[in-house]
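Below: one structure, written as structure tokens.
We did not get these values from a lab; they are worked out from the coordinates using the rules stated. Because the structure is a prediction, the values reported are computed rather than measured. As a convention, Cβ positions derive from the backbone with ideal geometry for all residues, glycine included, and neighbour counts pool all protein chains shown.
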Amino acid sequence: MSLSIAERHRTILEQLREKGSISVNELSDRLGVSAVTIRKDLKQLESMGLLYKSHGSALLQNPYIADRHVNEKEQLFVAQKQSITRYAAGLISGGENLILASGSTINELARQLTVKNITVICASLTAARELAAKGVNEVIQLGGAVRSTSASVVGPIAERMLDGFRCSKLFLGVDGIDTSFGLTTTHAFEASLNQQMIRSADKVIVLADSSKFGRRGFSRICNIDEVDLIITDKGLSMQLARGLEEKGVELVLV
């Protein structure tokens, strides 16, 4: 007995909640209807804002991220960011030379830091101000053009400055993490600066709450295998966690 439209829609959404994404062919086989019928179902569900269609598959949410002001981002997932950055701060020892990128999670890391006898290179104006107020031994603010939405610097001046430094750790915030496409941000110049940061650091540590996974920004920063450690919260699905671990990335859930 064939399923009704409502039953098909319910099954499609259940599969998406479980897997995050599913292909038209998988749904066609599972529900015993044609691919044409499945595409019509997906179009209707997308028009209701319940999923996102992409290249012969359905996703639970639109994977592409719009740029938002850092002040807005700092109001989201606050508890998760605090847990992530407390753990990250515990990885920092006295005497280290560090790079802090930009973004709301990186700004929170600056607030959580308690070690003072360190040198920190900052792209974020907010992070640099926080660290200077704490009395951190040496804070180096990168120069360049200021992105108003992130309150951070980007561009060739900042990249040339970084080219003269070598640091033990880079703490990197991102807009999206996709196991196949890699780490991304919404801004091309920021991606370019982040790439130089990676070249200037011995270890790349990514701080990202679980909402960033399975998402893509406009510009790719690097592939997953260029990352040493990702710190996120326990909201990350086991499927995504397994995908990252299969890529050889060390993953910490806090």
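For the reader, a short list of remarks on this structure follows.
- Amide H partners (placed H, <5 Å) of residue 96, local residues excluded: 119
- Dividing the summed -39500 (n - 2.57) terms of all DSSP H runs of n ≥ 4 by the residue count of the chain sets its mean residue ellipticity at 222 nm at -11500 deg cm²/dmol.
- Taking one quarter of the surface of the convex hull spanned by the alpha-carbon atoms of segment 1-156 gives a direction-averaged projected area of 12.5 nm².
- For segment 82-125 versus segment 151-172, the inter-centroid distance based on Cα atoms is 15 Å.
- Per-residue HN-Hα couplings for segment 79-95 [Karplus 6.51, -1.76, 1.60; θ = phi - 60°; Hz; x = Gly/Pro]: 4, 5, 5, 5, 5, 4, 6, 4, 5, 4, 4, x, 8, 9, 10, x, x
- Stretching the chain fully between residue 23 and residue 138 yields a gain of 36.2 nm (0.36 nm per residue, less the alpha carbon separation).
- Extension gain for residue 36-residue 246 works out to 72.2 nm (0.36 nm per residue, less the C-alpha to C-alpha distance).
- Long-range amide H partners of residue 57 with built H, under 5 Å: 24
- In this structure, the amide hydrogen of residue 187, modeled 1.01 Å from its nitrogen in the peptide plane, lies closer than 5 angstrom to those of 218, 219, counting only residues at least 5 positions away or on a different chain.
- Across segment 196-204, computed HN-Hα scalar couplings (Karplus, 6.51 cos²θ - 1.76 cosθ + 1.60, θ = phi - 60°) run 5, 4, 4, 5, 9, 10, 6, 9, 9 Hz from first to last residue, x flagging Gly and Pro.
- Phi-based couplings in Hz for segment 162-169 (Karplus 6.51, -1.76, 1.60; Gly and Pro marked x): 5, 4, x, 10, 9, 10, 6, 9
- In the chain, excluding the sites themselves, the longest stretch lacking any of the chymotrypsin sites (Phe, Trp or Tyr not before Pro) that are in a DSSP loop with at most 16 other Cβ atoms within 10 Å is 1-164.
- Ordering 172-178, 145-151 by mean Cβ neighbour count within 10 Å, with the highest value first, yields 172-178, 145-151.
- Oblate is the label for segment 180-225. Its Cα gyration tensor axes, ordered a ≥ b ≥ c, give a/c of at least 1.5 and b/c at or above a/b.
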